[in-house]
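Step one of this worksheet: look at the structure below.
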Amino acid sequence: AIRPQPTAAQYEEAVRRDSMVYAAAGITTANNGGSPTVDDLFLKASENGDLGIRVVIWPNGRNAKVVESYGKKRQGTQLDKEGKVFLGPVKLFADGSPQGYTAWFSKPYFKQLPGKPADFRGFPVFNSREELFALVQKLHDDGWQITTHTNGDQAIQDMIDAYSAALKKNPRKDHRHVLNHCQFCRPDQVEAIAEMGFVPSYFVTHTWFWGDIHRDMVAGPERAAHISPLKAALDRKITFALHNDTPVTPISPLMDVFSAVNRLTSSGKVLGPDQRIDVMNALRGVTINGAYMQRLEDKIGSLEKGKLADMVILDKDPTKVEPATLKDILVEETIVGGKTVYKRA
């Protein structure tokens, strides 16, 4: 069956409804990555009051028409009158997903799917490194911040190399190029990220939702134990964010905190205990560091004079509960710009 395209009214209702779903999860700012058609929807929702939270738009970096439509506007620019919609970095994809066997690794998958050759290690999105490097250089030269979906270690390496090559040709202070997901990040890559000033946004809830599969099927015990290497990043003073990737995983910053602190799999095993971090640094990952990644740390991400009064009230103090119960903390109220947009019944 062919599903009909949603109508404009259905799109508007989706923005209104999903805005409240995110607010109920304690999110005050969300990202919309890679879609070429969302600006007008969010701008209209902001204008008519339907957009309860803030949204940062990540334009599709491979769509030249979309990228050029922003003219001289760049990341951090406010796009609406209400201060709800901001322009973020351009979005690229370097590979697919590890659980889908489409992530791009430097070594073969631990256990191959039926029909795959023994040396299968996934594949890149770009046809060649030359094509990737040329696009990254152009976007970088045009002043864009770039965020790239990277899961396998070879995809991460390709982007470290592409970003580094662009910076070598055209040095730029405070570029904040992002490695999004940054899952199977090797120890040597953590060093490179620290040296070059890249910003990883770790998809740390993979430890819970996919950790058992990564350990037993996708990558094996050693590689799986080093996914989302938060402690290694912390030790190298890397500013990193934490995120969910809805609809791949549920919307929950507290689940990020739970995973960062515990690194439990859904079967109850610990995946990489040496990469656990403390609650406060995990909370920074979903607040001020996320704002920093978006170049919005002067507006949101912490409670300070002059900022936009976005805050979330929880039913328990995350720093005082048993670590295993962090994911069970409830959101009592979500406030955006000093206005309550969600309150638990």
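The values are calculated or read from the model by the stated rules, or taken from the named source; none is laboratory data. Quick caveat: nothing in here was measured; it's all calculated off a predicted structure. In this analysis, Cβ positions are derived from the backbone assuming ideal geometry, glycine residues included, and neighbour counts consider all displayed protein chains. Only protein heavy atoms, including side chains, enter the accessible area calculation; ligands, DNA and RNA are left aside. Shrake-Rupley method; radii C 1.70, N 1.55, O 1.52, S 1.80 Å.
The single condition among (1) within 25 Å of residue 76 (Cβ to Cβ); (2) at pLDDT 95 or above that residue 151 does not satisfy is (1).
Are any of the residues in segment 95-109 over 25 Å from residue 209 (Cβ atoms) and over 19 Å from the mean Cα position of the chain (by Cα)? Scanning segment 95-109 turns up no residue that is over 25 Å from residue 209 (Cβ atoms) and over 19 Å from the mean Cα position of the chain (by Cα).
Pick from segment 199-217 the residues that are open to solvent by 10 Å² or more (accessible area, probe 1.4 Å) and of a type outside the set (Phe, Trp, Tyr): which of them is nearest to residue 259 (Cα to Cα)? Show your work before the answer.
Looking only at segment 199-217, we keep the residues that are open to solvent by 10 Å² or more (accessible area, probe 1.4 Å), and these are 208-210, 212-213, 215-217.
Retained after the next criterion (residues that are of a type outside the set (Phe, Trp, Tyr)): 212-213, 215-217.
Working: 212: 14, 213: 16, 215: 16, 216: 19, 217: 20 Å.
Result: 212.
Given the criteria within 20 Å of the chain's Cα centre (by Cα), farther than 30 Å from residue 222 by Cβ and surrounded by 22 or more Cβ atoms within 10 Å (Cβ to Cβ), does residue 290 qualify? Considered against the rule, which asks whether it is within 20 Å of the chain's Cα centre (by Cα), farther than 30 Å from residue 222 by Cβ and surrounded by 22 or more Cβ atoms within 10 Å (Cβ to Cβ), residue 290 comes out as no.
Which of the following residues is of a type outside the set (A, V, I, L, M, F, W, C), in contact (Cβ under 8 Å) with a residue 12 or more places away in the chain and over 28 Å from residue 314 (Cα atoms): 211, 220? Spell out how you get there, then give the answer.
Numbers: 211 fails: over 28 Å from residue 314 (Cα atoms).
From the options 211, 220, the qualifying one is 220.
Restricting 256, 216, 245 to those that are of a type in the set (Asp, Glu) and over 24 Å from residue 295 (Cβ atoms) reduces the list to 216. The residue that is most open to solvent (accessible area, probe 1.4 Å), counting only those in segment 310-329 that are part of a loop (DSSP other than H, G, I, E, B) and out of contact with any strand residue (DSSP E or B) (no Cβ under 7 Å at 6 or more places or on another chain), is 320.
For segment 184-197, does any single residue satisfy the condition of being in contact with a strand residue (DSSP E or B) (Cβ under 8 Å, 6 or more places away or on another chain) and not hydrophobic (A, V, I, L, M, F, W, C)?
To start, the set of residues in segment 184-197 that are in contact with a strand residue (DSSP E or B) (Cβ under 8 Å, 6 or more places away or on another chain) comprises 185, 193.
This time we only want the ones that are not hydrophobic (A, V, I, L, M, F, W, C), so: none.
Checking segment 184-197: not a single residue is in contact with a strand residue (DSSP E or B) (Cβ under 8 Å, 6 or more places away or on another chain) and not hydrophobic (A, V, I, L, M, F, W, C).
From the residues in segment 164-198 that are assigned to a loop (DSSP other than H, G, I, E, B), modelled with pLDDT of 95 or more and basic (Lys, Arg), which one is least open to solvent (accessible area, probe 1.4 Å)? It comes out as 176.
The single residue among 332, 304, 297 that is under 20 Å from residue 27 (Cα atoms), within 18 Å of the chain's Cα centre (by Cα) and of a type in the set (D, E, K, R) turns out to be 297. When residues in segment 66-97 are screened for being in contact (Cβ under 8 Å) with a residue 24 or more places away in the chain and either within 22 Å of residue 48 (Cα to Cα) or not in a loop (DSSP other than H, G, I, E, B) (or both), 15 of them pass. Residue under question is residue 334, and the condition is that it be in contact (Cβ under 8 Å) with a residue 60 or more places away in the chain and in contact with a helix residue (DSSP H, G or I) (Cβ under 7 Å, 6 or more places away or on another chain); does it hold? Here the answer is yes, as residue 334 does meet what is asked.
Can you find a residue in segment 261-274 that is at positive phi, more than 14 Å from the chain's Cα centre (by Cα) and either free of Cβ contacts under 8 Å to residues at least 24 places away in the same chain or assigned to a helix (DSSP H, G or I) (or both)?
So in segment 261-274, the residues at positive phi come out as 263, 268, 272.
Restricting the remaining residues to those that are more than 14 Å from the chain's Cα centre (by Cα) gives 263, 268, 272.
Now narrow it down to the ones that are either free of Cβ contacts under 8 Å to residues at least 24 places away in the same chain or assigned to a helix (DSSP H, G or I) (or both): 268.
Looking for residues that are at positive phi, more than 14 Å from the chain's Cα centre (by Cα) and either free of Cβ contacts under 8 Å to residues at least 24 places away in the same chain or assigned to a helix (DSSP H, G or I) (or both), one finds at least one in segment 261-274, hence yes.
Going through (1) in contact (Cβ under 8 Å) with a residue 40 or more places away in the chain; (2) assigned to a helix (DSSP H, G or I); (3) more than 18 Å from the chain's Cα centre (by Cα) one by one, residue 41 falls short only on (1). Across segment 256-287, which residue is least open to solvent (accessible area, probe 1.4 Å) among those that are of a type in the set (Val, Ile, Thr) and within 19 Å of residue 178 (Cα to Cα)? The selected residue is 286.
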